[in-house]
Amino acid sequence: MNILVLVAHPDDEVLGMGGTIKKFAKNNHNVKIVIFATGISSRRSSNFKNSTNYVIDKKIISEMNKQIKKLKLDSLSACKKLGVNDVEFLDFPDNEMDLVSDLEVTKKIEKIIKNFNPEQIFTHSGFDVNVDHRKLYSATLAATRPKPGTKVKKVFSFEVPSSTEWFFPSQFSPNVFVNIEKELKVKKEALQKYKSEINDFPHPRSIEALDVIAKKWGTVSGFKSAEAFYLVREISD
Ligand SMILES: [Zn+2]
């Protein structure tokens, strides 16, 4: 089965569904991960179309480009840890995807779907404090609107610690739970590849928090550790 994971930033794929990705890979499913924005939130418009023009000196741009490159390498090794080599980076402006038209993002997703032909798609929750996460959710809904002959059977959304839980009132209400008892260790190892993104507990983007969250969803689903998803839409014939 072809499974498409659409995320805004490097590390969202691990935080949101690293255990489930590992499980898919172990079961020989074909997983493709597409990372839309650069993930360097301090980035301030070098040459990006549709991005606000800030005054910024060349030295800062060069330093940011170095960080972006490093983050991509971290991302490749994190995804490899999860068993996925098919990773695509799109370089949309970070934390400014609201400045890109819905049409542009939707068309990009439609093109990816056409080429990769996924049966299932996973993306962010629309009830999330991060603007890029919300943009991807709405563009994914638009790109997967059911048409005759549609191949995408299921669309899921997931939470990203340090973002989804900070949306109030909370509306991430999962109804699908995946046992990641055997995959949690690898999920944590994958997050450790993102050295620049990890924080100390109690920050939600910490190794200890991954344990807490996996256990929390475990208590909801009867597993020792779980990841939680919301089934946005299912089409069955
Ligand atoms: Zn993100």
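Here is how the numbers come out for the structure above:
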read-out: Single residue of the stretch 47-81 satisfying the filter (of a type in the set (Gly, Ala, Ser) and crowded, with 17+ Cβ neighbours inside 10 Å) that is modelled with the lowest pLDDT; value: Ser51
read-out: Residue that is farthest from the chain's Cα centre (by Cα) [pool: residues in the stretch 159-175 that are farther than 9 Å from Asp128 by Cα and away from the ligand (no atom under 12 Å from the Cβ)]; value: Pro169
read-out: Residue list for the stretch 166-187, filter: surrounded by fewer than 18 Cβ atoms within 10 Å (Cβ to Cβ) and not aliphatic (A, V, I, L, M); value: Trp166, Phe168, Pro169, Ser170, Gln171, Ser173, Asn175, Phe177, Glu181, Lys182, Lys185
read-out: Matching residues, the stretch 188-226, being among the basic types (Lys, Arg), over 18 Å from the mean Cα position of the chain (by Cα) and crowded, with 16+ Cβ neighbours inside 10 Å; value: none
read-out: Subset of the stretch 1-29 [touching a residue at least 24 places away in the same chain (Cβ under 8 Å), more than 15 Å from the ligand (Cβ to nearest atom) and not in a helix (DSSP H, G or I)]; value: Met1, Asn2, Ile3, Leu4, His29
read-out: Hits in the stretch 125-146 - residues which are within 16 Å of the ligand (Cβ to nearest atom) and assigned to a helix (DSSP H, G or I); value: Val131, Asp132, His133, Arg134, Lys135, Leu136, Tyr137, Ser138, Ala139, Thr140
read-out: Flag for Glu165 being without any contact (Cβ under 8 Å) to a residue 24 or more places away in the chain, touching an Asp or Glu at 6+ places or on another chain (Cβ under 9 Å) and not in a strand (DSSP E or B); value: no
read-out: Qualifying position, being of a type outside the set (S, T, N, Q), within 16 Å of the ligand (Cβ to nearest atom) and outside any helix (DSSP H, G or I), among Phe122, Phe201, Phe156; value: Phe122
read-out: Hits in the stretch 105-122 (condition: more than 18 Å from His9 (Cβ to Cβ) and not β-branched (Val, Ile, Thr)); value: Lys107, Glu110, Lys111, Lys114, Asn115, Phe116, Asn117, Pro118, Glu119, Gln120
read-out: All positions within the stretch 86-119 that are in a helix (DSSP H, G or I), within 16 Å of the ligand (Cβ to nearest atom) and surrounded by fewer than 19 Cβ atoms within 10 Å (Cβ to Cβ); value: Asp98
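The values are calculated or read from the model by the stated rules, or taken from the named source; none is laboratory data. Source: prediction; values computed, not measured. With ideal geometry, Cβ positions are generated from the backbone for all residues, glycine too; neighbour counts draw on all protein chains shown.
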